[in-house]
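All remarks here apply to the structure that follows.
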Amino acid sequence: MFGSEIVGRSISKLWSQNLVFKNIMEIKSKEQIKKIKQMNKIFLDLDEGEYKIRILQNPHIIYEHKVDIDGKTKFIICPTEMSRLANEEELAPCPLCEQGNKPAIRYLTVALVRYDSDKFEVGILNKNSIIKKALDLNFDPDFGDVKEYDLKVKATGQKLQRRYEVNPMPKEKSLAINEEEQKVIDSFYSKNALEDFTKPKSYEVIQKIINGEDIPF
């Protein structure tokens, strides 16, 4: 069960990952390029379609601000609400809070997404509606620990209008994690930790981001 472990920290190093090729190699097909991009992807994109998802880690909760900077939308973790969440005696200041920008809750977890019998991905899932449903199931005694069975997810709608229908699969019909999937899971965790994506930046750094300075995320 998730229990108190749902309370986590916040997102960081998100866009600071250097997703370039480190070795020279011969590209022979578009499928090869696609596969390499998938290997380097951290956050899971769920386009329209049906998926089977296995939650791999207890979710973390963060608070983040949505802000438009130079025509681009950015999400910035709120240091004030994160320090409040951590029950710190002195709350960290936040320039966006001072401007009246109210942060929203975001859930994060690590998940295995199966697209069909051969294709799958492992990464960070940040779709609130899916994770909220997973939490409901997790705390429902009729279903229990959501990490022990698959979720059948149907995504419909375009971009901001996308909706997710989530239904639990019986444990006996859920697929066991196979050897190939486990290798990818182990590889992901060897390079990434969910906690690394849950740390707010300082007041000064957030102010520089607001001012349009080029600060790695």
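When we screen 208, 183, 199 for residues that are farther than 20 Å from residue 145 by Cα, of a type outside the set (A, V, I, L, M, F, W, C) and in contact with a strand residue (DSSP E or B) (Cβ under 8 Å, 6 or more places away or on another chain), the only hit is 199.
All told, residue 153 falls short of being in a helix (DSSP H, G or I), at pLDDT 95 or above, in contact with a strand residue (DSSP E or B) (Cβ under 7 Å, 6 or more places away or on another chain) and surrounded by 15 or more Cβ atoms within 10 Å (Cβ to Cβ). Considered as a group, the residues in the stretch 60-116 that are touching a Ser or Thr at 6+ places or on another chain (Cβ under 6 Å), touching a residue at least 40 places away in the same chain (Cβ under 8 Å) and not in a loop (DSSP other than H, G, I, E, B) include one that is farthest from residue 135 (Cα to Cα), and that residue is 77. Of all residues in the stretch 117-127, those satisfying the criterion of being surrounded by 14 or more Cβ atoms within 10 Å (Cβ to Cβ) and either of a type outside the set (D, E, K, R) or assigned to a helix (DSSP H, G or I) (or both) are 120, 122, 123, 124, 125, 126. Scan the stretch 190-217 for residues that are under 18 Å from residue 57 (Cα atoms) and in contact (Cβ under 8 Å) with a residue 60 or more places away in the chain and report the count. Final tally of qualifying residues: 7. The residue that is nearest to residue 68 (Cα to Cα), counting only those in the stretch 176-192 that are exposed (fewer than 13 other Cβ atoms within 10 Å of the Cβ) and either in contact with a Ser or Thr (Cβ under 8 Å, 6 or more places away or on another chain) or not polar (S, T, N, Q) (or both), is 191.
For residues in the stretch 42-71 being of a type in the set (A, V, I, L, M) and buried (at least 22 other Cβ atoms within 10 Å of the Cβ), which is farthest from the chain's Cα centre (by Cα)? Result: 53.
Within the stretch 159-173, none of the residues are among the hydroxyl-bearing types (Ser, Thr, Tyr), under 30 Å from residue 82 (Cα atoms) and without any contact (Cβ under 8 Å) to a residue 40 or more places away in the chain.
Confirm whether residue 121 is in contact with a helix residue (DSSP H, G or I) (Cβ under 7 Å, 6 or more places away or on another chain) and under 21 Å from residue 41 (Cβ atoms).
So residue 121 fits the description; yes.
Quick one: would you say residue 195 is of a type in the set (Asp, Glu) and at pLDDT 95 or above? It is false that residue 195 is of a type in the set (Asp, Glu) and at pLDDT 95 or above.
The values are calculated or read from the model by the stated rules, or taken from the named source; none is laboratory data. Keep in mind it's a predicted model, so treat the numbers as computed, not measured. Quick reminder, even Gly has a Cβ in these numbers, built from the backbone with ideal geometry, and neighbours come from all protein chains shown.
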